[in-house]
Each structure stands twice: as structure tokens, then as C-alpha cells.
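Novice: Can you keep this structure in mind? I'll have questions shortly.
The values are calculated or read from the model by the stated rules, or taken from the named source; none is laboratory data. Please read these numbers as outputs of a predicted model, since none were measured by experiment. Every residue, glycine as well, gets a Cβ built from its backbone with ideal geometry; the counts of neighbours run over all protein chains shown. In case anyone asks, the SASA skips ligands and DNA or RNA and just uses the protein heavy atoms, side chains included. Shrake-Rupley method; radii C 1.70, N 1.55, O 1.52, S 1.80 Å.
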Amino acid sequence: MSTSRPVEPGCVYLVGAGPGDAELLTLRADSIIRQADVVVYDNLVGDEVMARVPSSCERIYVGKKAANHTMRQEDICALLVRLAQENKRVLRLKGGDPYVFGRGGEEAETLVDAGIPFEVVPGVTAASGIGSYAGIPLTHRDHAQSVVFATGHKKEGPVDLDWAALARPMQTVVIYMGVSRIEEIARRMVAYGLPRTTPAAIVRRGTLPDQRVLVATLADLAEKAEAAGIKPPALMIIGTVVTLAPRLGWFKGAD
């Protein structure tokens, strides 16, 4: 019988907490959560996941929301180094997967430069987890032979994506952090070749009990999202796979 690897003092663990449902945590993630001395956690880490953190573990919130960052990324990186140098078992807990729009790569680079040992624990990224709970398979032989992840938010300046590549047929596009730019994203996708009737969905708080799935088309997604009061955190999925949601949506949220 295999035993879990020890959680070492002076080491930083970049752990993916998954899209929200605590039962989607990996065994390794749960083991580290139970043994950590300090947890540095993000806004998108689910409440059920945080409930698994022992009361003896110090908690430091560094969550980011649009135009409201608790701590700059540079300061978060410096914090991780300092905590490890204090010989603590440092849990850096992120929603989804650390290396999928989670800035885990930036933090890992900082740790390498500082000579700090680290481990990366993958998590169920929002695209696959939320897609599954919303009844939207990201690939399907009749609908999509490829899937692309993109972000609606950049480090600096306006979003400048490869719209021609995103607008290819027989493809699923998943947009992270794009709720505030739904209208722009839909307009660009249409301008670069996708029909206005292309199915699209917004899934808010996916995998959680209050999950909401809004299905529309590129032509009316922004209008319907505004009317429904959709706010972050939410994920945008574009492609004909979205038409499967009514049939395959096994998880019943608010809608």
C-alpha cells in the first residue's frame, strides 16, 4: 500500500484547489492541506475547500478581483519566499490549476531564483470541471476536435487575442476572466468568421450548489448575461458543444 509523501518544512506547495467542489480535490492536495503550517489562498478557492484547512494553520488571504487586488503579485511571491525561509510548510492554494491562468509559473520562477524547494500539485482546471458540471463536453466528435483556453484579462493593457485562431470552426473556446468583456469577445469572434448564431454559454460559480448556466448565442450572450445579472466568477464557453448542455446537464444548480 502506497503512503503519502511527507510535507516538508521550508518548502512551498503550489496546489490547485479545483473549480470549487471540495470533492474534486486530489488526494495529494488534501494531504498537504491537512499538514500545512500556513496557507496563502486566493479568492476563487471554494469555502468547502477552506473548511478542510486545520484551525491550527495560519491563513493569509491574497485574493484578486477586478480592480481590487489584496496584494500585488510581486508581494505574494516575496511572501512565499519569506514564509519558506521561516521553515514553515507553505501551502499556496489556488482555484483550479496553478499552471492554468493561476500565475503558478511566475511564483515557481521566484522560488527557483530564491533557492526555495517547491512542489506543484495539479488541480481540476475550471474549464474541464465547470464544463463537466454544466453538461458541456469540451470535445466531441460531432462538434469539436480541439479546445482552446484563453483569458479575457491581461497583465497590462487591452485584450489582444489571436482572434482568427479562436474563431476556427469545429473548435471549443473557453474564456477565463472574460465576464466584463463579453460583448467585445463575442463581437470579435463574429468579426473573424464565427456565425452570430454560434452557441455560447456563461457558467457562474460552476460545480458549487448555486451554479448558474446561461445558454445563448454570440449575438445575444452579452444582453442575456446582463439581464440575468451574471457577475464573476464565471466562465465563457463558445462552440456547438454548448447545445449539449440541456441534455447532459446532470448537476442541478440555481437554474
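Novice: More than 22 Å apart: what percent of Cα pairs in segment 1-118 qualify?
Specialist: 27 percent
Novice: Let me ask you something else. Carbon and sulfur atoms: what percent of the 1.4 Å accessible area of the chain do they account for?
Specialist: In the chain, the share of accessible area belonging to carbon and sulfur is 52 percent.
Novice: About its Cα centre, what dipole magnitude does the chain give when the only charges are +1 on Lys and Arg Cβ and -1 on Asp and Glu Cβ, stated in debye to the nearest 20? Write out the running numbers ahead of the final one.
Specialist: Details: 29 positive and 29 negative charges, 88 e Å.
Charge dipole of the chain: 420 debye, to the nearest 20.
Novice: Mind giving me the nanometre distance, one decimal, between the label points for ARG82 and ASP162, set 7 Å out from Cα along Cα→Cβ?
Specialist: So the label points at ARG82 and ASP162 sit 4.0 nm apart.
Novice: To continue, here is another question. In whole Å, what is the distance between the alpha-carbon centres of segment 1-45 and segment 89-116?
Specialist: 13 Å
Novice: Another question, if that's okay. For segment 207-255, what is Rg from Cα atoms divided by 2.2 N^0.38 Å, rounded to two decimals?
Specialist: Details: Rg = 11.0 Å, N = 49, 2.2 N^0.38 = 9.7 Å.
Ratio of Cα Rg to 2.2 N^0.38 Å: 1.14.
Novice: To continue, here is another question. For the chain, restrict the atom set to alpha-carbon positions and state the Rg and Dmax in Å.
Specialist: Rg then Dmax for the chain, in Å: 19.1, 56.
Novice: Would you work out the Kirkwood radius for segment 121-255? I mean one over the mean of 1/r across all pairs of different Cα atoms, in Å. The partial results should precede the final answer.
Specialist: Details: mean 1/r = 0.0682 Å⁻¹.
In segment 121-255 this quantity evaluates to 14.7 Å.
Novice: Quick one: putting +1 on the C-beta of Lys and Arg, -1 on the C-beta of Asp and Glu, what dipole do you get for segment 44-151 around its Cα centre, in Debye to the nearest 20?
Specialist: 220 debye
Novice: So the label point goes 7 Å from the Cα of ARG196 along Cα→C-beta, right? Which residues of segment 160-180 then have their backbone N under 19 Å from it?
Specialist: Counting backbone N atoms under 19 Å from the label point, the list is 167.
Novice: Expressed as cubic angstrom per residue, what is the convex hull volume of the alpha carbon set of segment 81-194?
Specialist: On the way: hull volume 15.7 nm³, N = 114.
Taking the convex hull of the Cα positions in segment 81-194, it is 138 Å³ per residue.
Novice: Find how much the distance from ASN43 to GLU223 grows on full extension, using 0.36 nm per residue of separation minus their present alpha carbon separation; answer in nm with one decimal.
Specialist: Numbers: separation 180, 0.36 × 180 = 64.80 nm, distance 2.68 nm.
The span from ASN43 to GLU223 would gain 62.1 nm if fully extended.
Novice: Could you provide, to the nearest whole Å², the per residue accessible area of segment 43-120 with probe 1.4 Å?
Specialist: On the way: 4140 Å² over 78 residues.
Result: 53 Å² per residue.
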